[in-house]
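S.K.: Have a look at the structure that comes next, please.
The values are calculated or read from the model by the stated rules, or taken from the named source; none is laboratory data. This one's a predicted model, so the numbers in the text were calculated from it and none came from an experiment. Backbone-built Cβ (ideal geometry, glycine too); neighbour counts: all protein chains shown.
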Amino acid sequence: MTTILLTGKTGQVGWELQHTLAPLGRLIAFDRTQLDLSNASAIRKAIRDASPDFVVNAAGFTAVDLAESEPALAMQLNGIAPGIMAEAAKLAGAVLIHFSTSFVFDGTKRKPYLETDQPAPVNTYGRTKLAGERAITACGGKHIILRASWTYSHRRNNFPLTILKLARERLALSVVDDQIGAPTWARAYAEATAELVRMGNDAGNHSGIYHLSAAGQASRYQWAKEIIESARRRCRDKDSRWARVQPITTAEYPLPAVRPLYTMMDNSKISGVFGIKTPHWRDQLRSFLSDLPAPMLAGSAGNA
């Protein structure tokens, strides 16, 4: 029986991974209270005791703005812990599947980034995630690094849930129109990961970095408009009790962490090597909204 060790089980991707990975074998899943990723000994012991075939790391410091004020903790969780996992997974003979980010790029390119493009992160979050990638690669074990983009889910604070809430509270929303990316539902990442696990140890024979995001592209302004219009249709709400969305620039909405303006990634490598393809972002969004509980669809707060 395949044994899978999962970290970050209560996060956006981790929560979905619990459901896609559980049918595939023996799943041992940890949240931050059960496995402290700042404790190297605890990481090594957890992997040694589980003797897994796969280690799936969906944990990390994901608060992009907070990372600017807590760089040491962000580096510990995003940069150092993945390297320790890679070492322990190698000793156990396991394949490590690790989630990184499109924020390793500076956003100055104007066509989708390839895995061979030189990373140049512009914020602390991106720098710490790049450090994690490099630590895993340097270890030399079997690994698959998945660079993710604009992740959202039914959990935590994320862009669609925030837009749905504010669209019921305000008359107008100002959303940046010069940040371009691929909004991707956490479930799509979980389903792709399950495909990799089904391939067994052979997946690890193709170690490396892979870009994985929804097909198509959008600005955050376009994404917000689609969220509201799709939610209105789902609610069959023909009145005007939804906010109007107006475009602004990133310069007009300053945040502690600099954002790369263009984070589109080319997914042809993961498609060519593993046959994994993801649906268009609009199709993912519609499926997400169809699966969303009615109170959340109507703009109430999501779960933790």
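S.K.: Given the range 1-70, what strands (runs of 3 or more DSSP E) lie entirely inside it while holding 2 or more residues that are more than 20 Å from the chain's Cα centre (by Cα)?
M.R.: Filter on the range 1-70 gives 26-30.
S.K.: Specify which of the listed residues (Ala148, Ala167) is in contact (Cβ under 8 Å) with a residue 24 or more places away in the chain and more than 17 Å from the chain's Cα centre (by Cα).
M.R.: Of Ala148, Ala167, the one residue that is in contact (Cβ under 8 Å) with a residue 24 or more places away in the chain and more than 17 Å from the chain's Cα centre (by Cα) is Ala167.
S.K.: Quick test for you: out of Gly208, Gly200, Gly204, pick the one residue that is closer than 30 Å to Cys139 by Cβ, in contact (Cβ under 8 Å) with a residue 60 or more places away in the chain and buried (at least 16 other Cβ atoms within 10 Å of the Cβ).
M.R.: Only one candidate passes the filter, namely Gly204.
S.K.: Turning to a different aspect of this structure: Give the range 117-133 a look and list any residue that's hydroxyl-bearing (Ser, Thr, Tyr) and over 16 Å from Trp150 (Cα atoms), or say none.
M.R.: Thr124, Thr128, listed by residue number.
S.K.: Scan the range 33-78 residue by residue and report those that are surrounded by 14 or more Cβ atoms within 10 Å (Cβ to Cβ) and of a type in the set (Val, Ile, Thr).
M.R.: Scanning the range 33-78 gives Ile43, Ile47, Val55, Val56, Thr62, Val64.
Quick grid of which residues meet (1) more than 25 Å from the chain's Cα centre (by Cα); (2) within 30 Å of Phe54 (Cβ to Cβ):
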| residue | (1), (2) |
| --- | --- |
| Gly200 | no, yes |
| Tyr210 | no, yes |
| Ile227 | no, no |
| Cys235 | yes, no |
| Arg244 | yes, no |
| Glu252 | yes, no |
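S.K.: Is there any pair with a first residue in the range 270-281 that is under 13 Å from Leu212 (Cβ atoms) and a second that is small (Gly, Ala, Ser) and at pLDDT below 95 whose Cβ atoms are under 9 Å apart and which are 6 or more apart or on different chains, and what are they?
M.R.: Filtered contacts from the range 270-281: Phe274/Ala203.
S.K.: Which one of these is surrounded by 13 or more Cβ atoms within 10 Å (Cβ to Cβ), within 21 Å of Val64 (Cβ to Cβ), modelled with pLDDT of 95 or more and of a type outside the set (S, T, N, Q): Arg286, Arg259?
M.R.: Residue meeting the stated conditions: Arg259.
S.K.: Looking for something aliphatic (A, V, I, L, M) and either in a helix (DSSP H, G or I) or out of contact with any strand residue (DSSP E or B) (no Cβ under 6 Å at 6 or more places or on another chain) (or both) - is there at least one such residue anywhere in the range 237-246?
M.R.: no
S.K.: Just to be sure, is Gly83 within 22 Å of Ala186 (Cα to Cα) and buried (at least 19 other Cβ atoms within 10 Å of the Cβ)?
M.R.: No, not satisfied.
S.K.: Confirm whether Phe30 is in contact (Cβ under 8 Å) with a residue 60 or more places away in the chain and surrounded by 17 or more Cβ atoms within 10 Å (Cβ to Cβ).
M.R.: no
S.K.: Would you confirm whether any residue within the range 154-177 is modelled with pLDDT of 95 or more, within 21 Å of Lys269 (Cα to Cα) and surrounded by 18 or more Cβ atoms within 10 Å (Cβ to Cβ)?
M.R.: So far as the range 154-177 goes, no, none of its residues is modelled with pLDDT of 95 or more, within 21 Å of Lys269 (Cα to Cα) and surrounded by 18 or more Cβ atoms within 10 Å (Cβ to Cβ).
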